[in-house]
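Below is one structure, written out as structure tokens; comments come after it.
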Amino acid sequence: MSPGGGGGPMGDCEYSQIGTHSPSPMEAPPAEKKRVRARRKWEVFPGRNQFFCDGRIMMAQQRGVFYLTLVLILVTSGLFFAFDCPYLAVRITPAVPAAGAVLFFFVMGTLLRTSFSDPGVLPRATPDEAADLERQIDIANGSSSGGYRSPPRTKEVIINGQTVKLKYCFTCKIFRPPRASHCSLCDNCVERFDHHCPWVGNCVGKRNYRFFYMFILSLSFLTVFIFAFVITHVILRSQQTGFLNAIKDSPARYPFVLEAVVCFFSVWSIVGLLGFHTYLISSNQTTNEDIKGSWSNKRGKENYNPYSYGNIFTNCCVALCGPVSPSLIDRRGYVQPDTPQPAAPSNGLATYGATASQSDMAAATPLLQSEPSLASDELHLPGKPGLGTPCASLTLGQPTPPSSMPNLAAEAGLTDILPLKEEHVGHQFLTPEEAPSPPRLLAGSPLAHSRTAHVLGLASQDALHEDSVRGLVKLSSV
């Protein structure tokens, strides 16, 4: 059959290109690679707070009492608008439900603003900042001297002539600024910490105190308003049929009772809380400072509040009308990737402050782990210099060739005791401090000047072997 024929068995063969690159089992195809989503700071927040709406809402972990507050306000106000306002708008004025609606929306707005905002949480120190602060404390207190002494964890600053102590927070690893405190429920340090309020489900601090005060102020007005007009509704109906018949015949007799009971027992506590915080604002104090008696005269005649402006009106304006400070935790910001840490030494020894370049330089030291070295007190032959003394007979890289047969025998003895390694690949290089202690040799070994050969590198030992071969060639030629 001709080579160009197409009827043979080779004529029907078709060639296909075979790919030589096969993907690694650990390497995923480009289409299957998942894109890593950037994480926000609220997702890795170290405290016990709960975040909602992608970090826009920040609350405490215990929110059961907050839901109770919402239910009480919504149910009481709803019953009032459903059963009392239609009658009062006709008998008195339509301004009654309008005023009630304004108070209700103001109460709900200030409550949600207090509950959903950052109260002034202070960011925790990073590991590097915490370590640097610990070193500063040790240096300032001289703990490096003889004997261990626990360094004090306080600092003193002067504010308007009054000495104020800054306490160290062992959880956040920072010195808390003046008036700050650590909330045990939220596990955060809060700037100008007032108290943790379970009714609003959040801490009350520098950034939401004014909204908390507006909440209890408007809630006091709303409670008094509802209670007063519920009683007014009952009185207007009792003028026609009597008090008992008015309650019995009214379709809203059960809402009457519920509204009256809730408002009666709530108004005293709410109004009392409003009076207490009004006193705190007028004197520019916090609940935490007042409970502890930080600026009480009982601590001394010279003890006074350094934060007060000496004027009630000024103190109220600063607390309620001043600018709101920005949040320090940036909870909706993105987490920056961590910087790579230096790798640990391969031999398991922990090094403090070592860098990668220093580790590489140490690894390049030409000492073999498998090659033993002799200490100066391990082997000492009479008439021979120790390892600590300079050796004039051998120079590193330039060994003296042997001149007689006994020297070759000594070299042979050295080879029997310490066999030379010809495979240079795979040696583990160690620093002089990392080299293991050598096994003890026999005292009667015939070593002439071989003690210094143990500290030589591979190049010098190969040179000695080469010199031995040259000596044998010279003897054979003679």
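Structure values in brief
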{"read-out": "Residue match in the stretch 185-199 (condition: touching a residue at least 12 places away in the same chain (Cβ under 8 Å), in a helix (DSSP H, G or I) and assigned by the TED database to the domain that holds VAL262)", "value": "no"}
{"read-out": "Matching helices (runs of 4 or more DSSP H) fully within the stretch 200-294 where at least 3 residues are over 24 Å from PRO97 (Cα atoms), of a type in the set (Gly, Ala, Ser) and in the same structural domain as ALA60 (by the TED database)", "value": "253-283"}
{"read-out": "Candidates ALA99, ALA131, filtered to the one that is modelled with pLDDT under 95, surrounded by 11 or more Cβ atoms within 10 Å (Cβ to Cβ) and small (Gly, Ala, Ser)", "value": "ALA131"}
{"read-out": "Qualifying position, being crowded, with 18+ Cβ neighbours inside 10 Å and at pLDDT below 95, among CYS203, CYS197, CYS172", "value": "CYS172"}
{"read-out": "The stretch 127-139 residues that are of a type outside the set (Val, Ile, Thr), paired with ones that are surrounded by fewer than 13 Cβ atoms within 10 Å (Cβ to Cβ) and assigned to a helix (DSSP H, G or I) (beta carbon under 9 Å, 6 or more apart)", "value": "none"}
{"read-out": "From the options SER144, SER150, SER117, residue that is polar (S, T, N, Q) and at pLDDT 90 or above", "value": "SER117"}
{"read-out": "The stretch 40-50 - residue that is under 7 Å from ARG331 (Cβ atoms) and not charged (D, E, K, R) and, of those, surrounded by the fewest Cβ atoms within 10 Å (Cβ to Cβ)", "value": "PHE45"}
{"read-out": "Condition broken by ILE73, with the remaining ones in (1) surrounded by fewer than 18 Cβ atoms within 10 Å (Cβ to Cβ); (2) in a helix (DSSP H, G or I) satisfied", "value": "(1)"}
{"read-out": "Filtered residue count, the stretch 206-241, keeping only those that are open to solvent by 20 Å² or more (accessible area, probe 1.4 Å) and either aliphatic (A, V, I, L, M) or closer than 30 Å to ARG91 by Cα (or both)", "value": "18"}
{"read-out": "Enumeration of residues in the stretch 172-193 that are acidic (Asp, Glu) and under 22 Å from TYR67 (Cβ atoms)", "value": "ASP187"}
{"read-out": "Residue satisfying condition, being assigned to a helix (DSSP H, G or I) and within 19 Å of SER220 (Cβ to Cβ), within set PHE83, PHE105", "value": "PHE105"}
{"read-out": "Any hit, the stretch 224-234, residues being over 20 Å from VAL71 (Cα atoms) and among the hydroxyl-bearing types (Ser, Thr, Tyr)", "value": "yes"}
{"read-out": "Boolean, PRO340 is outside the structural domain of PHE211 (by the TED database) and at pLDDT 90 or above", "value": "no"}
{"read-out": "Pairs with Cβ under 6 Å, 6+ apart, first in the stretch 304-315 and farther than 15 Å from THR278 by Cβ, second among the β-branched types (Val, Ile, Thr) and surrounded by fewer than 17 Cβ atoms within 10 Å (Cβ to Cβ)", "value": "PRO306/ILE159"}
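The values are calculated or read from the model by the stated rules, or taken from the named source; none is laboratory data. No experiment lies behind these values; they were computed from the predicted model shown. Reconstructed Cβ throughout: ideal geometry from the backbone, glycine too, with neighbour counts over all protein chains shown. Areas reflect the complete protein model, heavy atoms only, side chains present, ligands, DNA and RNA absent. Shrake-Rupley method; radii C 1.70, N 1.55, O 1.52, S 1.80 Å.
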